[in-house]
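S.K.: Sending over a structure as structure tokens; questions will come in a sec.
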Amino acid sequence: DGKRTLDQMATELAVAVLERDQECSRAEVSISAKLFEPATSPVTERPAYLASHVSVRSVSVRDDKVRPLMKSVAARVTGVTACPCAKSVVQALTGEEGRDYTATHMQRTLASLRLTLRPEEHVMFGTLTRILRESMSSPVYPGLKRLDEAEVVMRTVKKPVFIEDAVREVVLKVARELGHLHPGDRITVRMRSVESLHDYDMLAVYSGTLSEAKALLHHG
């Protein structure tokens, strides 16, 4: 109805289940959807939509009364990462040290961010998707023309990043931008790099509380 967010809806539903069924002591509601955010292609500025998968989960309990216990909000996006190691080796072999556009291999990277929150807290999905996309070498765009493709390639190669560093950047961004949330809220970040040169994928995962993430921020 435009008045409630998905996480608010999930929380209301989880409470309503217990209010209707007096035999239940715990209820969980999950909602998932596709999110489309307006964007433009990098050079030709064609209208486009960046797609992501979003989900919420809410838990309510009955003890002395029916109450919401916790909720989680999550987003999953696709991006691109470029390999810093291969770029460094190519630079050394070709004498191109310091050159931004030295060749390297790139891979599609699947990134997700989940926050486990208090029932009264709220985080916008757009904040989660932006943090994920900014932490990789480049977002992916639909319907690119050749000039757009070339720009994405140059941007990606200019910002090489290992997925473990991209995961660390997500955690630090959450600590900076969402540090007002409860210190016990949990952050889970997962990135899988679908490798282009290797016959295996790379996986990096972080899970910890917001207070632990802020400690990482303060200690560099």
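S.K.: Looking at (1) open to solvent by less than 70 Å² (accessible area, probe 1.4 Å); (2) of a type in the set (Gly, Ala, Ser); (3) in contact with a strand residue (DSSP E or B) (Cβ under 6 Å, 6 or more places away or on another chain), find the lone condition where Ala16 falls short.
M.R.: Single failed check for Ala16: (3).
S.K.: On the basis of being aliphatic (A, V, I, L, M), more than 30 Å from Ala204 (Cα to Cα), part of a strand (DSSP E or B) and in contact (Cβ under 8 Å) with a residue 12 or more places away in the chain, does Val61 make the cut? Steps first, please.
M.R.: Working: aliphatic (A, V, I, L, M): yes; more than 30 Å from Ala204 (Cα to Cα): yes; part of a strand (DSSP E or B): yes; in contact (Cβ under 8 Å) with a residue 12 or more places away in the chain: yes.
Against the criterion (aliphatic (A, V, I, L, M), more than 30 Å from Ala204 (Cα to Cα), part of a strand (DSSP E or B) and in contact (Cβ under 8 Å) with a residue 12 or more places away in the chain), Val61 qualifies.
S.K.: Working only within the range 170-220, note down all residues that are more than 26 Å from Glu120 (Cβ to Cβ), over 19 Å from the mean Cα position of the chain (by Cα) and without any contact (Cβ under 8 Å) to a residue 12 or more places away in the chain.
M.R.: His198, Asp199, Tyr200, His218, His219, Gly220
S.K.: The conditions are (1) modelled with pLDDT under 95; (2) not in a loop (DSSP other than H, G, I, E, B), and Met70 fails exactly one of them. Which is it?
M.R.: Answer for Met70: the failing condition is (1).
S.K.: Residues of the range 156-183 being part of a helix (DSSP H, G or I) and either at positive phi or open to solvent by 20 Å² or more (accessible area, probe 1.4 Å) (or both), which ones? Outline the logic, then answer.
M.R.: Taking the range 156-183 and keeping what is part of a helix (DSSP H, G or I), we get 156-158, 163-177.
Listed by number, the residues that qualify are Lys158, Glu164, Asp165, Arg168, Glu169, Leu172, Lys173, Arg176, Glu177.
S.K.: Sticking with this one: Residues in the range 92-115 that are in contact with an Asp or Glu (Cβ under 6 Å, 6 or more places away or on another chain) and open to solvent by 30 Å² or more (accessible area, probe 1.4 Å): how many?
M.R.: Count: 0.
S.K.: Further question on the same structure: For the range 201-213, give me each residue that is in a helix (DSSP H, G or I) and either more than 11 Å from Gly184 (Cα to Cα) or of a type in the set (Ser, Thr, Tyr) (or both). Steps first, answer last, please.
M.R.: Within the range 201-213, the subset in a helix (DSSP H, G or I) is 210-213.
Across the range 201-213, the qualifying residue is only Ser211.
S.K.: Conditions: (1) part of a loop (DSSP other than H, G, I, E, B); (2) among the hydroxyl-bearing types (Ser, Thr, Tyr); (3) surrounded by 15 or more Cβ atoms within 10 Å (Cβ to Cβ). Thr188 meets all but one. Number of the miss?
M.R.: Going through the list (1) part of a loop (DSSP other than H, G, I, E, B); (2) among the hydroxyl-bearing types (Ser, Thr, Tyr); (3) surrounded by 15 or more Cβ atoms within 10 Å (Cβ to Cβ), Thr188 breaks only (1).
S.K.: I'm checking my understanding of the structure. Among residues of the range 75-91 that are open to solvent by 10 Å² or more (accessible area, probe 1.4 Å) and part of a strand (DSSP E or B), which one is nearest to Leu35 (Cα to Cα)?
M.R.: From the range 75-91, those open to solvent by 10 Å² or more (accessible area, probe 1.4 Å) are 76, 78, 80, 83-91; that's our starting set.
Checking which are part of a strand (DSSP E or B) leaves us with 76, 78, 80.
Working: Arg76: 10, Thr78: 13, Val80: 19 Å.
Within the range 75-91, the match that is nearest to Leu35 (Cα to Cα) is Arg76.
S.K.: Does Arg118 count as buried (at least 16 other Cβ atoms within 10 Å of the Cβ) and at pLDDT 95 or above?
M.R.: So Arg118 fails the test.
S.K.: Related question: Hey, does the range 57-73 have a residue that's over 17 Å from Glu12 (Cα atoms) and among the aliphatic types (A, V, I, L, M)?
M.R.: No, the range 57-73 contains no residue that is over 17 Å from Glu12 (Cα atoms) and among the aliphatic types (A, V, I, L, M).
S.K.: Answer yes if at least one residue in the range 26-46 is farther than 13 Å from Asp7 by Cα, open to solvent by 80 Å² or more (accessible area, probe 1.4 Å) and in a loop (DSSP other than H, G, I, E, B), and no otherwise.
M.R.: yes
The values are calculated or read from the model by the stated rules, or taken from the named source; none is laboratory data. Everything numeric here is computed off the predicted structure, so don't read it as measured data. When we count neighbours, we look across all protein chains shown, and the Cβ atoms used for this are built from the backbone with ideal geometry, even at glycine. In case anyone asks, the SASA skips ligands and DNA or RNA and just uses the protein heavy atoms, side chains included. Shrake-Rupley method; radii C 1.70, N 1.55, O 1.52, S 1.80 Å.
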